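Notes follow once the structure below has been shown.
The values are calculated or read from the model by the stated rules, or taken from the named source; none is laboratory data. Only a predicted model underlies this, so the values are computations on that prediction, with no experimental measurement involved. Methodologically, a virtual Cβ is constructed for each residue, glycine included, from the backbone with ideal geometry; neighbour enumeration extends over all protein chains shown. Areas reflect the complete protein model, heavy atoms only, side chains present, ligands, DNA and RNA absent. Shrake-Rupley method; radii C 1.70, N 1.55, O 1.52, S 1.80 Å.
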Amino acid sequence: MPTLAASRSSAVRFDWEDESTWAPALAHADAAYVTYFPDLAIPGADEAVGRFIEVALANDVRRLVLLSGRGEEGARRAEVRLQESDADWTVVRCGFFSQNFSETFPEPVAHGVLPMPIGDVADPFLDADDIADVVVTALLDDRHIGQLYELTGPRLLTLTEVAQTIGDAIGRPVTFVPMSKDEYAASIADQGFPGEVAHHIADVIALALDGRNIEMTDDVERVLGRPARDFADHARNAATDGAWNLPA
Ligand SMILES: NC(=O)c1ccc[n+]([C@@H]2O[C@H](COP(=O)([O-])OP(=O)(O)OC[C@H]3O[C@@H](n4cnc5c(N)ncnc54)[C@H](OP(=O)(O)O)[C@@H]3O)[C@@H](O)[C@H]2O)c1
């Protein structure tokens with residue numbers, strides 16, 4: 001089935017900040033996978049998603065799959081907007097991505113430090129490749145219409161264990177460093193995230209990892225018929241792909 005990527009830098013331009021791009025991006029689609037940026041937890045995100053759903057339905061795009069987050073009120077509000085709409089919906093509610101360590105914030109890790117705005121908590125970290133597999137499966141099979149899936153990884157790891165696992169994969173020690181939310185926001189602002197976004201990200205991470213999302217589900221296996229990917233496999237693959245290589 002042909003697919004089109006739609007973001008600010010793709011051939012089909014789509015910008016959450018520019019509603020005039022929404023209808024043209026939907027022009028040749030009959031289904032859409034909706035991922036809000038930067039996060040459904042930020043104020044106004046559910047209203048934007050609600051307006052997007054209206055534009056999609058007005059353009060005869062009824063099949064909508066929403067990427068959502070666990071344990072966030074804003075994400076829940078966005079889910080409800082979709083569930084109460086006339087769309088043929090599926091909600092894919094996700095735990096904390098393993099790729100946050102390798103793709104979103106790889107820089108300090110490459111230098112041997114894993115900073116987080118919280119203490120040494122545990123989480124069932126979720127491989128984003130499992131999200132992609134679940135979303136594709138849902139889009140291709142109408143039996144997933146009207147379903148809410150809650151995806152997690154297959155086991156709990158503490159942040160110290162995450163750091164050790166990455167260290168094992170790259171052959172250099174990595175140390176988990178707990179920080180205050182303000183310290184963490186300042187550290188990611190240095191990596192290029194604008195101040196206000198950096199504070200939101202620190203808040204969202206601290207909230208997502210405060211223990212509310214510690215429970216594991218078997219929804220990845222229920223949808224795909226195979227277990228969720230393990231964090232150690234992600235760390236090995238990301239290391240092989242050079243995610244934590246030091247700059248030459
Ligand atoms: N990270 C997690 O652990 C986690 C967990 C649960 C749910 N979520 C949800 O996942 C979603 C994305 O999070 P992420 O962590 O995967 O982010 P991310 O990887 O940093 O997303 C970046 C993507 O967003 C696009 N983008 C950025 N600004 C955009 C804009 N104004 N309009 C359209 N596209 C834009 C970028 O493409 P361009 O630069 O080409 O625009 C890029 O493809 C959020 O809705 C969040 O609530 C995340």
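Spot the failing condition for Val223; the list is (1) farther than 19 Å from Arg93 by Cα; (2) β-branched (Val, Ile, Thr); (3) at pLDDT 95 or above, and only one is missed.
(1)
I'm told Asp129 meets every condition in (1) touching a residue at least 40 places away in the same chain (Cβ under 8 Å); (2) open to solvent by less than 30 Å² (accessible area, probe 1.4 Å) except one. Can you identify the failing condition by its number?
(2)
Within segment 3-23, can you find the residues that are in contact (Cβ under 8 Å) with a residue 12 or more places away in the chain and open to solvent by 80 Å² or more (accessible area, probe 1.4 Å)?
Answer for segment 3-23, where residues must be in contact (Cβ under 8 Å) with a residue 12 or more places away in the chain and open to solvent by 80 Å² or more (accessible area, probe 1.4 Å): Leu4, Arg13, Glu19.
Of a type outside the set (D, E, K, R) and away from the ligand (no atom under 12 Å from the Cβ): which single residue out of Ala32, Ala48, Ala128 fits that description?
Just one listed residue meets the conditions, Ala32.
Which of the residues that make up segment 184-201 are within 13 Å of the ligand (Cβ to nearest atom), of a type in the set (A, V, I, L, M, F, W, C) and in contact (Cβ under 8 Å) with a residue 24 or more places away in the chain?
Residues satisfying the conditions are Ile188, Val197, Ile201.
I need the helices (runs of 4 or more DSSP H) fully contained in segment 163-248, keeping only those with at least 2 residues that are within 17 Å of Pro106 (Cβ to Cβ) and open to solvent by less than 70 Å² (accessible area, probe 1.4 Å).
Values: elements: 181-189, 195-208, 219-224, 231-240.
Here the list reads 181-189, 195-208, 231-240.
Report, by residue number, each residue of segment 68-99 that is open to solvent by 30 Å² or more (accessible area, probe 1.4 Å), within 9 Å of the ligand (Cβ to nearest atom) and in contact (Cβ under 8 Å) with a residue 40 or more places away in the chain.
Result: Arg93, single match.
Determine, yes or no, whether Val113 is surrounded by fewer than 17 Cβ atoms within 10 Å (Cβ to Cβ) and more than 16 Å from the ligand (Cβ to nearest atom).
Judged against the criteria, Val113 is a match.
Restricting attention to segment 138-160, report how many residues are open to solvent by 40 Å² or more (accessible area, probe 1.4 Å), over 20 Å from Leu209 (Cβ atoms) and either part of a strand (DSSP E or B) or in contact (Cβ under 8 Å) with a residue 60 or more places away in the chain (or both).
5
Given the criteria within 19 Å of the chain's Cα centre (by Cα), within 13 Å of the ligand (Cβ to nearest atom), assigned to a helix (DSSP H, G or I) and small (Gly, Ala, Ser), does Ala25 qualify?
The answer is no for Ala25.
Only residues that are in a helix (DSSP H, G or I) and open to solvent by less than 30 Å² (accessible area, probe 1.4 Å): list them for segment 40-59, please.
Of everything in segment 40-59, those that are in a helix (DSSP H, G or I) and open to solvent by less than 30 Å² (accessible area, probe 1.4 Å) turn out to be Ala45, Asp46, Ala48, Val49, Gly50, Phe52, Ile53, Ala56.
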